Amino acid sequence: MNLKMAIQKSGRLHDDSMRLLRECGIKISNGINQLKTTASNFPLEVFFFRDDDIPQYVEDGVADIGIVGENVILEKGKKVKTIAPLGFGKCRLSVAVSKEKEYRSVQDLQGKRIATSYPVIVKRFLEERRVQADIHEISGSVEIAPGIGLADAICDLVSSGSTLFMNGLKEVEVILKSEALLVGSNGLTPPQEQLLQQLCFRINAVKRAQSARYILLNAPNDRIGEICSLLPGMKSPTVLPLAEAGWSSVHAVVNEDDFWEIIENLKANGAQGILVVPIEKMIL
Ligand code: ATP
Ligand code: ZN
């Protein structure tokens, strides 16, 4: 029995989804011209779909699990369960208006025309704020709508903001922060649940490793106490004697987000020869 997984056929989530599977040690061939493929070393069948169709296929059980943006899940309103956020495909769904327009609050959208591919999410956002506006659903190139006189504002996905900038728009409201999610159907059988758990175990090991760095440094023995107190480590730092008397090598795992700050403090406490290396998998 296989677990069936739906991923985006091509687009912004495709490469990261394939990479995640590869990093989980699951071997599959590239699906550019295929509808589906079977992993050679894990009971997983991978289907390649348009991202918009994935929630429906997972709800219907055509696929047991899928990788899709939270923005699509919320817009489609399908009955699927979120299993894990995956840390890629990060973007925000934002309202933007012309750079020249003054914008003070969401009330400024009252009576305006808003072009978007996310009518459901935008409608809910406006209703919650008691703003009435005219929502124009368009499927692509939303950012050109104000320039051609089709709308006063848009609501679209943004990551760097460069597309908005190039179209003379400014971001004025963030409706949603989104990333890719692993979602699952509600009707999984116990053996499928078990396979999913195995997959999640691997995904967690990969995800944990992505934000972690292995740090190695040399320090004089009389500073080891201070240095170890700066380093969390998975249990506690490893301390090994160096060939040179009075010195030790200290090894620990640190979070990517904190590591610059930690390194400053380590140097201030006499650490030398600091190496920071990536970690491939991390199992607690
Ligand atoms: P498909 O052909 O599968 O329908 P698409 O054109 O709808 O693809 P993409 O542009 O490939 O979709 O985006 C897929 C997902 O990637 C989005 O739904 C969103 O979750 C995420 N994403 C991340 N950054 C951005 C961005 N800057 N713009 C659009 N989507 C982004
Ligand atoms: Zn799409």
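The values are calculated or read from the model by the stated rules, or taken from the named source; none is laboratory data. Here the structure is a predicted model, which is why all the values come from computation and not from measurement. Reconstructed Cβ throughout: ideal geometry from the backbone, glycine too, with neighbour counts over all protein chains shown.
Figures for the structure shown
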{"item": "Count of the range 76-111 residues which are surrounded by fewer than 21 Cβ atoms within 10 Å (Cβ to Cβ), out of contact with any Lys or Arg (no Cβ under 7 Å at 6 or more places or on another chain) and not in a loop (DSSP other than H, G, I, E, B)", "result": "10"}
{"item": "Which numbered condition Ser29 fails, given (1) within 15 Å of ligand 1 (Cβ to nearest atom); (2) surrounded by fewer than 19 Cβ atoms within 10 Å (Cβ to Cβ); (3) of a type in the set (S, T, N, Q)", "result": "(1)"}
{"item": "Some residue of the range 135-143 being polar (S, T, N, Q), assigned to a helix (DSSP H, G or I) and modelled with pLDDT under 95", "result": "no"}
{"item": "Flag if Arg202 is part of a strand (DSSP E or B) and either hydroxyl-bearing (Ser, Thr, Tyr) or under 22 Å from the mean Cα position of the chain (by Cα) (or both)", "result": "no"}
{"item": "Selection count where residues are more than 14 Å from ligand 1 (Cβ to nearest atom) and either of a type in the set (Val, Ile, Thr) or under 8 Å from Ala115 (Cα atoms) (or both), scope the range 153-175", "result": "2"}
{"item": "Residue match in the range 92-106 (condition: more than 16 Å from ligand 2 (Cβ to nearest atom) and among the aromatic types (Phe, Trp, Tyr))", "result": "yes"}
{"item": "Candidate set from the range 159-175 (those that are crowded, with 19+ Cβ neighbours inside 10 Å and assigned to a strand (DSSP E or B)); member that is farthest from the chain's Cα centre (by Cα)", "result": "Leu169"}
{"item": "Residues satisfying the stated conditions in the range 71-87, i.e. under 16 Å from the mean Cα position of the chain (by Cα) and either within 16 Å of ligand 2 (Cβ to nearest atom) or among the charged types (D, E, K, R) (or both)", "result": "Asn71, Val72, Ile73, Leu74"}
{"item": "Flag for Ile67 being hydrophobic (A, V, I, L, M, F, W, C), buried (at least 23 other Cβ atoms within 10 Å of the Cβ), under 26 Å from Ile279 (Cα atoms) and in contact with a Ser or Thr (Cβ under 7 Å, 6 or more places away or on another chain)", "result": "yes"}
{"item": "Scope the range 246-279; condition of a type in the set (D, E, K, R) and over 27 Å from Ala205 (Cα atoms); matching residues", "result": "Glu264, Lys267"}
{"item": "Val68 touching an Asp or Glu at 6+ places or on another chain (Cβ under 7 Å), within 16 Å of ligand 2 (Cβ to nearest atom) and either of a type outside the set (Lys, Arg) or part of a loop (DSSP other than H, G, I, E, B) (or both)", "result": "yes"}
{"item": "Residue list for the range 50-64, filter: surrounded by 20 or more Cβ atoms within 10 Å (Cβ to Cβ) and either assigned to a helix (DSSP H, G or I) or within 11 Å of ligand 2 (Cβ to nearest atom) (or both)", "result": "Asp51, Ile54, Pro55, Tyr57, Val58"}
{"item": "Among (1) in contact (Cβ under 8 Å) with a residue 24 or more places away in the chain; (2) touching a Cys at 6+ places or on another chain (Cβ under 7 Å) - the single one Pro237 does not satisfy", "result": "(1)"}
